[in-house]
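K.L.:
Dropping a structure here in structure tokens format, bear with me for questions.
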Amino acid sequence: MNGKTVLIVDDEAPIREMIAVALEMADYDYMEAADAREAHALIVDKQPDLVLLDWMLPGTSGVELARRLKKDEATADIPIIMLTAKVEEDNKIQGLEVGADDYITKPFSPRELVARLKAVLRRATPPGVDTPIEVDGLTLDPVGHRVTTEEGALTMGPTEYRLLQFFMTHQERVYTRSQLLDQVWGGNVYVEERTVDVHIRRLRKALGDKYDHLIQTVRGTGYRFSTRAA
């Protein structure tokens, strides 16, 4: 598998199965949801790399779910491709206006779906997710899952690695402990906010004297990753 996970949201099982087969053949992991409620829980908990979202869902519509996801900071960056039988231009515009990244009308070929999916993922993938990111000689390689400096490799735990990866791909912005818990631990993981402080200390220790200053404490607010003086 290429490490990318796609959430298929459609109330018709045969369509989910057809898409799942296409994704498997293209080397993608996938999850499935039959309605907006189930989909939202999976998105918050599992943070898929992309959502294939049917317009017509029982209860909350796909377009309403898309609007909700784009308004929530924790899920706003997850790409969405709308799937629908609606071909009217107004519907396409509505889907794109709520934040969908692409729009595919049914029926569609599995090859077209995978091609459009790959294009959206390429546009949406920030540095540090698929490609190494470097700051002042500190390099994070997400493929090799390594953090190195000019002196050699650094040793750190998996949570510290995820924290560093998030910080390096979201530089110069302050995040509260609650936001870091959502982004790094996941929205459905219940741990104390002070747990963040413990892992920040461990991360600074792992970075050593040369790089620990990059993780800055912003009193009364939270933390940020910055190359500028605090």
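A short reminder: the numbers here are calculations on the coordinates, not readings from a lab. Quantities reported herein were computed from a predicted structural model and do not represent experimental measurements. In this analysis, Cβ positions are derived from the backbone assuming ideal geometry, glycine residues included, and neighbour counts consider all displayed protein chains.
K.L.:
Specify which residue in the list L83, Q94, I19 is farthest towards the positive end of the charge dipole of region 5-124, using unit charges on the beta carbon of Lys, Arg (+1) and Asp, Glu (-1), about the Cα centre.
P.N.:
It is Q94.
K.L.:
For region 133-225, build the charge dipole from Cβ charges (+1 Lys, Arg; -1 Asp, Glu) around the Cα centre, then report which of L181, I215, Q171 sits farthest towards its positive end.
P.N.:
Positive-end residue among those listed: L181.
K.L.:
Oh, and also: Give, rounded to the nearest 20 debye, the magnitude of the charge dipole that region 30-88 has about its Cα centre when Lys and Arg contribute +1 at Cβ and Asp and Glu contribute -1 at Cβ. Don't jump to the answer; show the numbers that get you there.
P.N.:
Working: 7 positive and 11 negative charges, 35 e Å.
That gives a dipole near 160 debye.
K.L.:
Using DSSP to call loops (not H, G, I, E or B), can you name the trypsin sites (Lys or Arg not before Pro) in region 131-204 whose Cβ has at most 15 other Cβ atoms within 10 angstrom?
P.N.:
Working: sites: R146, R162, R173, R177, R194, R201, R202, R204; in loops: R173.
Loop-located and lightly packed - R173.
K.L.:
Loop by DSSP (not H, G, I, E, B), at most 14 other beta-carbon atoms within 10 Å: where is the longest site-free stretch of the chain for GluC sites (Glu not before Pro)?
P.N.:
On the way: sites that count: E12, E73, E88, E150, E151, E172, E192, E193.
In the chain, the maximal stretch lacking such sites is 89-149.
K.L.:
Explain nothing, just compute: Karplus ³J(HN,Hα) = 6.51 cos²θ - 1.76 cosθ + 1.60, θ = phi - 60°, for every residue of region 107-113 in order, whole Hz, x for Gly and Pro.
P.N.:
Rounded to whole hertz, the list is x, 9, 8, x, 5, 5, 4.
K.L.:
Rounded, prolate or oblate: which fits the chain, taking a ≥ b ≥ c as square roots of the Cα gyration tensor eigenvalues, rounded meaning a/c under 1.5, else prolate when a/b beats b/c? Present the calculation step by step, with values, prior to reporting the outcome.
P.N.:
Details: a/c = 2.42, a/b = 1.92, b/c = 1.26.
Note, shape of the chain comes out prolate.
K.L.:
Where nothing but the Cβ of Lys and Arg (+1) and of Asp and Glu (-1) is charged, how large is the charge dipole of region 5-124 around its Cα centre, in debye to the nearest 20?
P.N.:
300
K.L.:
Now, a different point. Rounded to the nearest 500, what is the chain's calculated 222 nm mean residue ellipticity when only DSSP H runs of at least 4 contribute -39500 (n - 2.57) each, over all residues?
P.N.:
Values: 8 runs with 87 residues, N = 230.
The per-residue figure over the chain is -11500 deg cm²/dmol.
K.L.:
Sticking with this structure for a sec: Most exposed first by the Cβ proxy, i.e. fewest other Cβ within 10 Å, how do W185, W55 rank?
P.N.:
On the way: W185 17, W55 23.
By the 10 Å Cβ count, ascending, the order reads W185, W55.
K.L.:
With a ≥ b ≥ c the root eigenvalues of the C-alpha gyration tensor of region 5-124, is it rounded (a/c under 1.5), prolate (a/b larger than b/c) or oblate?
P.N.:
rounded
K.L.:
Can you give me the C-alpha center-to-center distance between region 17-49 and region 59-74, rounded to a whole angstrom?
P.N.:
For region 17-49 versus region 59-74, the Cα centre distance is 16 Å.
K.L.:
How big is the dipole moment of the chain about its Cα centre under a simple scheme where the beta carbon of each Lys and Arg is +1, that of each Asp and Glu is -1, and everything else is neutral? Debye, nearest 20, please. Spell out each step's value before the answer.
P.N.:
Details: 29 positive and 38 negative charges, 154 e Å.
The calculation lands at about 740 debye.
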